[in-house]
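Colleague: Dumping the structure here so I can ask a few things about it.
Nothing in this text is a laboratory measurement; each read-out follows from the coordinates by a stated rule. Because the structure is a prediction, the values reported are computed rather than measured. Ideal geometry is used to build each Cβ from the backbone, glycine not excepted, and the neighbour counts take in all protein chains shown.
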Amino acid sequence: MAAKRQPKIRVQMRKNRGTSTRQNDLTRAHHAGDAPEETAASSERVSHKGGLTRKRTIMGQQSGDQVVRAVDETVCRAGRVLRAIGSTQCLVQDDVTGEVVPCTVRRMLRTMASDERTAVVAGDRVLYQPLDNQQGVIERVEPRQGVITRKHQYREHVLVANVTQVLIVASLGEPPLKPPLIDRFLLSAAKGNVSAAICLNKADLVDLVDLQPLIALYSRLGYPVIPTSPLTGAGLPRLRQLLRGQQTVFTGQSGVGKSTLLNAIQPAFELRTAAISQVTQKGRHTTRYAQLLQLDTGGWVVDTPGIRQLDLWDVGKGEVEGYFREFRPFVPYCKYPNCLHLDESECAIRQAVHAGFLSRQRYESYLRLVVGDD
Ligand SMILES: Nc1nc2c(ncn2[C@@H]2O[C@H](COP(=O)(O)OP(=O)(O)OP(=O)(O)O)[C@@H](O)[C@H]2O)c(=O)[nH]1
Ligand SMILES: [Mg+2]
Ligand SMILES: [Zn+2]
């Protein structure tokens, strides 16, 4: 096909000099072998908006808030990023050959990204140019559909792109189940336009009868709830069914058993797992980076590092109620149109909680999200 003339657009770029502190951190982390990226990230300094100074004209198109760079497609191959290593390298699986090719990232793409770390992330669809040495260079990142983000040092950090569903894994043993955290994850999935399901893992440790209220609550809200145990095999057939053909991110606190579950679903994954520390009773963040794994049944799963706390990015107080879908029928009956359902008079949400129409547990999660105390 003859090359079309691509429109020119002006894009704002970060300065690509003078970020040496950050570069060094990442480089150091990378040289240390399997880069503990989440750890490296916590000491990272991200350049603020003021760093966006230069404007350049590039060939490309604007797609939503993303810029798609025009490249010579005849020399490029399409692939999917399995894993990003720092901000400059990643592993790409070729769409046609299935070969995994280590790639670097064109500097232009990194300067175009508002946060260099997320120029290329796991799950990205890319065009890369193969080089002679079995490696490649990423020339273009296609617009992202469903993204999973985490707030990190006051910035939104994209963890995985092109996700179709999130599996929220909670534990029925250690670490203890925290329904407000489930609700936070649900909100974050809804905000990213990704559907969600809940996995109640370590089901071997409890009597399932005691779980019925919890299962009923979330099922009624339309989320699949699957009690599982990799130890007994409970729930695994249903979980496999849920994952088939999807691109699913496993998310949840450290130690809930995300990697153990994935190994049970497909033993060839051989993911590292670890017992919960006896001393701290906390998981040890055994999984260090987000990585795409291909399922034999079709589709992908992404194991992610567990997190202690999920900070939501960019959700206004008044916006939270919209994500509590069962609140919606009651909201119009609050006296004040801008009611936050805290202590306002004649609040239909509070009345519905008192009358037992709405779950108190969900209302408490709502309060935590709006008031922001953790
Ligand atoms: N009793 C019981 N223990 C489980 C179950 N699933 C996982 N575990 C244990 O929980 C511990 C943590 O499991 P991991 O799979 O490493 O947890 P993770 O969620 O991947 O943790 P991070 O990678 O740190 O985020 C391990 O000791 C597992 O053996 C289960 O169904 N029942
Ligand atoms: Mg893990
Ligand atoms: Zn109200």
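Colleague: How big is the Rg/Rh ratio for the range 324-371, C-alpha atoms only, Rh by Kirkwood, two decimals? Kindly include the intermediate steps, with their values, before the conclusion.
Modeller: Numbers: Rg = 9.6 Å, Rh = 10.6 Å.
The Rg/Rh ratio comes out at 0.91.
Colleague: So if R0 is 30 Å, what FRET efficiency would R240 and Y336 give, r being the distance between their Cβ atoms, rounded to the nearest 0.05? Don't skip to the answer; put the middle values down first.
Modeller: On the way: r = 48 Å, r/R0 = 1.59.
With a Förster radius of 30 Å, E is 0.05.
Colleague: For C339, which sequence-distant residues (separation of 5 or more, or a different chain) have an amide H within less than 5 Å of its own amide H, given hydrogens modelled in the peptide plane?
Modeller: none
Colleague: Stretched out fully, how many nm does the piece from D296 to L367 gain, at 0.36 nm a residue minus the Cα gap? Let's see the in-between values first.
Modeller: Working: separation 71, 0.36 × 71 = 25.56 nm, distance 4.20 nm.
Gain in length upon complete extension: 21.4 nm.
Colleague: Separate question: Hey, could you get me the Stokes-Einstein D for the range 158-303, Kirkwood radius over alpha-carbon pairs, 10 °C and 1.306 mPa s, rounded to whole µm² s⁻¹?
Modeller: Rounded to a whole number, D works out at 103 µm²/s.
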